[in-house]
Amino acid sequence: MLSQDPRARVSAHTRRRILSAAQRLGYHPNALARGLRLATPRTLGLLLPDLGNPIYDQVVRGAYAAATAEGYVLVIGSTYNDQATELAFADLLHQGRVDGLIITSATLDSTTVARLAATALPVVVANRQVEGALASVIVDDEAASSLATNHLLDLGHIHLAHIAGAENAETSARRISGFTTAARIRAQSALILRAGTRPVDGYSAALEIISAHPEVTGIVCASFRAAAGVLHAAAVRRRTVPDRLSVVAIHDDLLADHLLPPLTTIELPMRELGSAAVQMLLGRIAGNSPEQRTVPDPPRLHIRESTAPPNYPPLEHSPLQSADRYHRAST
């Protein structure tokens, strides 16, 4: 009766009494329970690659707020880059247990994305640009990387390095492009090392850079977690940050103020990404054609204590080692 179901056979007097009691008790109908009873769940699925990665917190918050505002329940799952788990979650959409699905993935070799592209099911891919049959929404990773690189160049760093993400991640390609574009104009040398986004990846890559390329005074990290590893490596090798090495990370986090030193970051509009993905998915459920979109909110630079002008003459840059993971950015 509280759901205003016209099939409920209740007298007007009884209806008034129930509504009055519900108002006094502050009762609100449970949307999920009602959806299950009526077999119309009004539920959206959000599939994340890794719940342990702090960047997805803001995506979830934005998606949750947008879904709730439209009366939808948001179901969240994580694959931890396991294709079988990804496909099992996608089956919820095939079985009609969710009305639409958002896949947050940066990788280019997703079996699930390829299979769903061949269907007319309501799906949106977030954080990865997909052409053709699937709708997709991204943030401007290239602008974020250019902003980070130009910040170091403005401080006077002329020998730079970029610790990039995995080779099969589309976000890595966009960030490499932003770094290369900015470095080409003003840097004397620029290295690109494909490492990964984990702290251990940043740690290992920084150790290699410090040992093989001591002329590098500024590092752009493709992820916040990798940057934490870079700070650790700098401390181990006694390359004082920021006096002898400046570090800037793409993505911001509450922990940035509590690292030693506090980390300069580029904040990307990840909450807006989650919200935009939900709005696009609701459009697909309503029958709209798939589209590719970039969140218009620009990246923001947060200057903290991990970046400063180099306080000693930079060393002449040494030749690059011959290794597949190294790439010279054209300068």
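Key figures for this structure:
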quantity	calculated
Virtual spin-label span in nm between residue 258 and residue 69, 7 Å along Cα→Cβ	3.0 nm
Among 230, 280, 191 - extreme Cα towards positive end, dipole of the range 167-291, charges at beta-carbon	191
Ordering of 181-187, 69-75 by burial proxy (mean other Cβ atoms within 10 Å per residue, highest first)	181-187, 69-75
Average Cα contact separation per residue, the range 52-173, under 8 Å, 6 or more apart, as relative contact order %	17 percent
Accessible surface ranking that places the most exposed of 78, 136 first, with a 1.4 angstrom probe	78, 136
For the range 230-286, convex hull of alpha carbons as volume per residue, Å³	81 Å³
Separation of alpha-carbon centers, the range 49-87 and the range 131-201, rounded to whole Å	25 Å
Virtual spin-label span in nm between residue 119 and residue 288, 7 Å along Cα→Cβ	2.1 nm
Contour minus Cα-Cα distance for residue 84 and residue 61 (0.36 nm per residue)	5.7 nm
Relative contact order (percent, whole number), the range 131-230, Cα cutoff 8 Å, 6+ residue spacing	33 percent
Theoretical gain in end-to-end length, residue 177 to residue 131 [0.36 nm per residue, Cα-Cα removed]	14.6 nm
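The values are calculated or read from the model by the stated rules, or taken from the named source; none is laboratory data. Owing to the predicted nature of the structure, the values given are computational and were not obtained by experimental measurement. Ideal geometry is used to build each Cβ from the backbone, glycine not excepted, and the neighbour counts take in all protein chains shown. Accessible surface is based on the protein model in full, side chains and every heavy atom, while ligands, DNA and RNA are left aside. Shrake-Rupley method; radii C 1.70, N 1.55, O 1.52, S 1.80 Å.
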